[in-house]
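Q: Okay, handing you the structure first.
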Amino acid sequence: MDFVDKNIEKYVEALSDKESPLLKEINEYTINHVHQPRMLSGHLQGRILSFISKIKHPKNILEIGTYTGYSALCLAEGLQDDGKLVTIDKDKSLYEKVNNYFNRSNYKNKIEQKIGEAIKIIPEIELKFDLVFIDADKKNYKNYFDQVIHKLNKGGIIIVDNVLWKGKVTDISKNQNDKIAVYINDFNEYIKKNKKVSKLILPVRDGLTLIIKDEN
Ligand SMILES: C[S@@+](CC[C@H](N)C(=O)[O-])C[C@H]1O[C@@H](n2cnc3c(N)ncnc32)[C@H](O)[C@@H]1O
C-alpha cells in the first residue's frame with residue numbers, strides 16, 4: 001500500500017531538494033543489484049531524514065540498520081562539524097560496498113560502521129546521542145527503543161521506520177497472521193503509552209514515527 005499518491009510523490013520530489021549524485025548512485029545500485037531494494041529509504045524519505053537532522057544539528061547520531069548506507073548519508077548531512085554517526089548492520093556482505101560509499105562522501109571521517117547484532121552492540125556504545133534512526137528487525141523495535149532511550153540526550157529525537165507496515169496495523173485483528181504487523185502494532189501501542197516522550201506518526205512511505213525525549 002502506498003500512502004502517498006505516486007503523482008504527488010513525483011511532484012514533491014521534483015520540487016524538493018534533489019538527491020546528491022552519490023545518493024542517486026546508491027539508490028540505483030540498490031534497485032539493480034541488492035536484495036530487497038524496497039528497504040532503501042529513497043529520495044523523499046531521505047530528504048525528510050536529512051531535514052530533521054539539519055533542524056536538530058546533532059553531535060552524535062545512531063542508526064540501527066545500515067543496509068546500503070543511503071539513510072546514514074542523509075542523516076549525516078545535519079551533523080555538527082565534530083559530530084559522529086554510528087551505524088549498525090548484521091549483514092557483512094554489504095560492508096565493503098557501503099564502506100566505499102562512505103569514504104567517497106563528505107562524511108568519511110564522521111561515520112563508524114559496526115557489523116553484528118544490534119541488540120549486542122548498542123549496550124557497548126559509550127556515546128550519548130541526539131538523533132537515532134531505528135530501521136532494522138521489527139521484532140526488536142521495543143528492545144531497541146528501551147536500549148537507546150537511555151543513551152538519548154533530553155530533547156533528542158528517535159525516528160522509527162515502517163510503523164504502518166503496509167497499512168496492516170490499522171486492522172490488526174484481521175492481520176494476526178503477519179507477525180511483523182503484530183510486532184509493529186505492539187511497538188506503536190507501547191510508544192503511545194510512554195508519557196515521557198512526544199510522538200507523531202507521519203504517513204510517509206511505510207510510516208515514520210518521530211519521538212522526542214521530553215523527560216529523563
Ligand atoms: C530496512 S533495512 C535498512 C535500510 C536503511 N536504513 C535505509 O533506509 O536505506 C534493514 C537492515 O537492518 C539489518 N538488520 C536486520 N536485523 C538486524 C539485527 N538484528 N542487527 C543488526 N542489523 C539488522 C538488515 O541486515 C538490513 O540491512
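The values are calculated or read from the model by the stated rules, or taken from the named source; none is laboratory data. This one's a predicted model, so the numbers in the text were calculated from it and none came from an experiment. When we count neighbours, we look across all protein chains shown, and the Cβ atoms used for this are built from the backbone with ideal geometry, even at glycine.
Q: Report the residue count in the stretch 30-87 for those that are assigned to a helix (DSSP H, G or I), among the charged types (D, E, K, R) and within 12 Å of the ligand (Cβ to nearest atom).
A: 1
Q: Is the stretch 113-121 home to any residue that is within 12 Å of the ligand (Cβ to nearest atom) and either more than 18 Å from the chain's Cα centre (by Cα) or without any contact (Cβ under 8 Å) to a residue 24 or more places away in the chain (or both)?
A: For the stretch 113-121, residues within 12 Å of the ligand (Cβ to nearest atom) and either more than 18 Å from the chain's Cα centre (by Cα) or without any contact (Cβ under 8 Å) to a residue 24 or more places away in the chain (or both): present.
Each row is one residue, and each column tells you yes or no for (1) hydroxyl-bearing (Ser, Thr, Tyr); (2) out of contact with any strand residue (DSSP E or B) (no Cβ under 9 Å at 6 or more places or on another chain); (3) at positive phi.
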{"position": "16", "(1), (2), (3)": "yes, yes, no"}
{"position": "38", "(1), (2), (3)": "no, yes, no"}
{"position": "47", "(1), (2), (3)": "no, yes, no"}
{"position": "62", "(1), (2), (3)": "no, no, no"}
{"position": "70", "(1), (2), (3)": "yes, yes, no"}
{"position": "77", "(1), (2), (3)": "no, yes, no"}
{"position": "81", "(1), (2), (3)": "no, yes, no"}
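Q: Mind listing whichever residues of the stretch 47-85 are surrounded by fewer than 24 Cβ atoms within 10 Å (Cβ to Cβ) and either touching an Asp or Glu at 6+ places or on another chain (Cβ under 7 Å) or at pLDDT below 95 (or both)?
A: Listed by number, the residues that qualify are 47, 50, 54, 56, 59, 60, 65, 84.
Q: Follow-up. Looking only at the stretch 98-112, how many residues end up being away from the ligand (no atom under 12 Å from the Cβ) and part of a helix (DSSP H, G or I)?
A: The qualifying residues number 5.
Q: Cβ-Cβ distance below 8 Å, separation of 6 or more or different chains: which pairs start in the stretch 126-154 with a residue that is within 15 Å of residue 58 (Cα to Cα) and end on one that is in a helix (DSSP H, G or I) and of a type in the set (Ser, Thr, Tyr)?
A: Within 8 Å, the pairs are 131/53; 133/71.
Q: What strands (runs of 3 or more DSSP E) lie completely within the stretch 129-216 and have 3 or more residues being within 15 Å of the ligand (Cβ to nearest atom)?
A: Strands (runs of 3 or more DSSP E) meeting the threshold: 129-134, 152-161.
Q: Can you tell me which residues in the stretch 162-177 are touching a Lys or Arg at 6+ places or on another chain (Cβ under 8 Å) and either hydrophobic (A, V, I, L, M, F, W, C) or closer than 23 Å to residue 91 by Cβ (or both)?
A: Within the stretch 162-177, 162, 165 qualify.
Q: Something else about it: Confirm whether residue 153 is closer than 21 Å to residue 22 by Cα, surrounded by fewer than 22 Cβ atoms within 10 Å (Cβ to Cβ), over 17 Å from the mean Cα position of the chain (by Cα) and not small (Gly, Ala, Ser).
A: Taking the combined requirement at face value, the residue does not satisfy it.
Q: Looking at this structure, is residue 23 over 18 Å from residue 132 (Cα atoms) and near the ligand (Cβ under 8 Å from one of its atoms)?
A: no
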